[in-house]
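As structure tokens, the structure follows; a few thoughts come after it.
The values are calculated or read from the model by the stated rules, or taken from the named source; none is laboratory data. Bear in mind the structure is a predicted one, so any value in this text is a computation, not a measurement. Neighbour counts run over all protein chains shown; Cβ positions are idealised from the backbone, glycine included. Remember, those area values only see protein heavy atoms, side chains included, never the ligands or the DNA or RNA. Shrake-Rupley method; radii C 1.70, N 1.55, O 1.52, S 1.80 Å.
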Amino acid sequence: MAEQFPDRQWGSRTNVLARAANRLAATKPGSRLIRAITPLDRAVLERTHAKYTLLGPIGAPVILLTTIGRKSGRPRTQPLLYVHDGDTLYVIGSNFGQEHHPAWTANLLANPTATVAIAGERIDVTATPVEGPDKDAVFTRFVDIAGAYAVYRSRTTRDLRIFALRRT
């Protein structure tokens, strides 16, 4: 059996703040706000190896995913919400429903090796695209975490990329 990923989540997804944040995230101004605070959140996450996040009080499960830039060859780090499934983490390239895929997804397609910072640990992973009926099931789990994902999918005609991350 593969080693389990740590799971550290603080706050609650059902408190008043979390419900309000989820409704805000589903709006275009809310999506812009989240994109605007992402650099600050990335700094907090990097300093703590993803032990703490600005989104913690709302119970958002956040990791730092570091990929290798497909053009630059440099490390590229992105904070992402994830679905925890024991020995697998799932991430989704929603890009807030914008028309283009986020760059990190193209990086993983070009080079599936990456690093995840989660709960104060850095872990090497390999990414595999999720397809078929499994993809729908995983997407439903993302909507359970943050209903805004359903709105993001409705904003675009592209197929949102989902990846399974497993320890290498």
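Data table
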| quantity | calculated |
| --- | --- |
| Residues being outside any helix (DSSP H, G or I) and open to solvent by 60 Å² or more (accessible area, probe 1.4 Å) - total across the stretch 133-168 | 6 |
| Near pairs, Cβ below 8 angstrom, 6+ apart or cross-chain, from the stretch 18-40 (within 14 Å of residue 60 (Cα to Cα) and open to solvent by less than 80 Å² (accessible area, probe 1.4 Å)) to any residue that is assigned to a helix (DSSP H, G or I) and among the β-branched types (Val, Ile, Thr) | 25/34 |
| The stretch 126-167, subset at pLDDT 95 or above and in contact with a Ser or Thr (Cβ under 6 Å, 6 or more places away or on another chain), residue farthest from residue 65 (Cα to Cα) | 160 |
| From 66, 115, residue being in contact with a strand residue (DSSP E or B) (Cβ under 8 Å, 6 or more places away or on another chain), of a type in the set (Ser, Thr, Tyr), open to solvent by less than 40 Å² (accessible area, probe 1.4 Å) and within 20 Å of residue 36 (Cα to Cα) | 66 |
| Criterion violated by residue 60 - all others in (1) at pLDDT below 90; (2) surrounded by fewer than 21 Cβ atoms within 10 Å (Cβ to Cβ); (3) out of contact with any helix residue (DSSP H, G or I) (no Cβ under 6 Å at 6 or more places or on another chain) satisfied | (2) |
| Scope the stretch 43-55; condition surrounded by 17 or more Cβ atoms within 10 Å (Cβ to Cβ) and not in a loop (DSSP other than H, G, I, E, B); matching residues | 44, 45 |
| Total residues in the stretch 56-113, condition among the acidic types (Asp, Glu) and assigned to a strand (DSSP E or B) | 1 |
